[in-house]
Amino acid sequence: GENVEQHPSTLSVQEGDSAVIKCTYSDSASNYFPWYKQELGKRPQLIIDIRSNVGEKKDQRIAVTLNKTAKHFSLHITETQPEDSAVYFCAAPLYGGATNKLIFGTGTLLAVQP
Amino acid sequence: NAGVTQTPKFRVLKTGQSMTLLCAQDMNHEYMYWYRQDPGMGLRLIHYSVGEGTTAKGEVPDGYNVSRLKKQNFLLGLESAAPSQTSVYFCASSYGRENNEQYFGPGTRLTVT
């Protein structure tokens, strides 16, 4: 089965700086890697995802990169703003391959200091 | 369009009591999931369903049962609650098996004393 490790567990940045969160996975058959954002007291919501046939995907200030050889993927947030403060979770398919079951990382608490 | 809803929002149980958490979605999604969220441990899959009348075990199924009698509803049951089941429970749904986005409900905070 899949194992997902996420680092760092907490990250504090100044407003305007960039933030990077990294996840590693174990199953080489995994082909889908989403990132979820959870604000305090709220539900997780998908912010970006990437499939294994591409190496990078961008959406305005956020981007995700994937290195299949090293089995890791990263979330990049540029020009951080206070509203980016939240817990971010990466995920990968449980048991790899074509499945819609996800195993989540343990989360990164991002604090953007104004 | 309410999306994914959960009832109740909060509940306190005594050890040994039973309860059922209800999840409903109005997006005609095939897949539904139950997760628990504990501090420092992320979201862990309890049970899931790939369609009406089907259920399967996730990562942490012990102590829980589920049923999917109607496509729009997914019930999570605790037959004999234990303090270790104190957690926030999230239901989610997705359209199908092509690794589509999972939509989460607002969560249920359960405390077992």
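The values are calculated or read from the model by the stated rules, or taken from the named source; none is laboratory data. As the structure is a prediction and not an experimental result, all values here were calculated from the model. Reconstructed Cβ throughout: ideal geometry from the backbone, glycine too, with neighbour counts over all protein chains shown. What goes into the accessible areas is simple: the full protein's heavy atoms, side chains included, and nothing from ligands, DNA or RNA. Shrake-Rupley method; radii C 1.70, N 1.55, O 1.52, S 1.80 Å.
Buried between A and B is an accessible area of approximately 1900 Å², summed over both sides with a 1.4 Å probe.
Over the stretch A:50-114, all Cα pairs binned in 5 Å intervals from 0 give whole-percent P(r) values of 4, 14, 21, 24, 20, 11, 5, 1, 0, listed from short to long. Largest GNM mean-square fluctuation among A:41, A:16, A:55, using chain A with Cα springs under 10 Å: A:41. Sorting B:10-16, B:26-32 by their mean Cβ neighbour count within 10 Å, with the most densely packed peptide first, gives B:26-32, B:10-16. Near residue A:91, the amide H atoms lying under 5 Å from its own belong to A:105; only residues 5 or more places off or on other chains count, and H is placed 1.01 Å from N. Exceedance of the 20 Å cut-off in Cα-Cα distance is limited, within the set A:37/B:70; A:42/B:70; B:9/B:57; A:37/A:101; A:42/B:9, to A:37/B:70; A:42/B:70; B:9/B:57.
Before anything else, pin down the relative contact order of chain A: Cα pairs under 8 Å, at least 6 apart, normalised by residue count, whole percent. 38 percent.
Per-residue shielding of A:103-114, expressed as the average number of other chain Cβ atoms within 10 Å of the residue Cβ, stands at 2. Take each residue of peptide B:31-42, count the partner chain Cβ atoms within 10 Å of its Cβ, and average: the result is 3.
Partner shielding of B:101-111 amounts to 3, given as the average count of beta-carbon atoms from other chains within 10 Å of each residue beta-carbon.
Residue by residue, the stretch B:45-56 carries 3J(HN,Hα) couplings of 6, 8, 9, 8, 9, 9, x, 3, x, 10, 9, 8 Hz when phi is fed to the Karplus relation 6.51 cos²θ - 1.76 cosθ + 1.60 (θ = phi - 60°); x denotes Gly or Pro. Within chain B, the proportion of Cα pairs with more than 16 Å between them is 55 percent.
What the phi angles of the stretch A:62-78 give under the Karplus curve with 6.51, -1.76 and 1.60, with θ = phi - 60°, is a coupling list of 10, 8, 10, 10, 10, 10, 5, 5, 8, 6, 9, 9, 9, 9, 10, 10, 9 Hz, glycine and proline written as x.
With springs only between Cα atoms under 10 Å apart, run a GNM on chain B and tell me which of B:49, B:67, B:84 wobbles the most. Judging by the Gaussian network model, the answer is B:84. A cut-off of 5 Å between modelled amide H atoms, ignoring neighbours fewer than 5 places along the same chain, links residue A:27 with A:3. Over all pairs of different C-alpha atoms in chain A, the reciprocal of the mean inverse distance, the Kirkwood hydrodynamic radius, equals 14.0 Å. The relative contact order of chain B, computed from alpha carbon pairs under 8 Å that lie at least 6 residues apart in sequence, is 35 percent.
Scanning residues 5 or more positions from residue B:58 or on other chains, those with amide H under 5 Å from its amide H are B:47, B:48, with H placed 1.01 Å from N in the peptide plane. The accessible area of residue A:58, taken with all protein chains in place and a 1.4 Å probe, comes to roughly 150 Å². With one equal scatterer per alpha carbon and no solvent term, the Debye-computed log10 I(q)/I(0) for the stretch B:23-66 at 0.32 1/Å reads -1.16. With the convex hull drawn over the C-alpha atoms of the protein assembly as shown, the volume per residue is 119 Å³. FRET efficiency for the pair residue B:19 and residue B:44, taken as 1/(1 + (r/R0)^6) with r the Cβ-Cβ distance and R0 = 22 Å, rounds to 0.70. Computing the accessible area with a 1.4 Å probe over protein heavy atoms, can you report the carbon and sulfur percentage for chain A? Carbon and sulfur atoms account for 47 percent of the accessible area of chain A.
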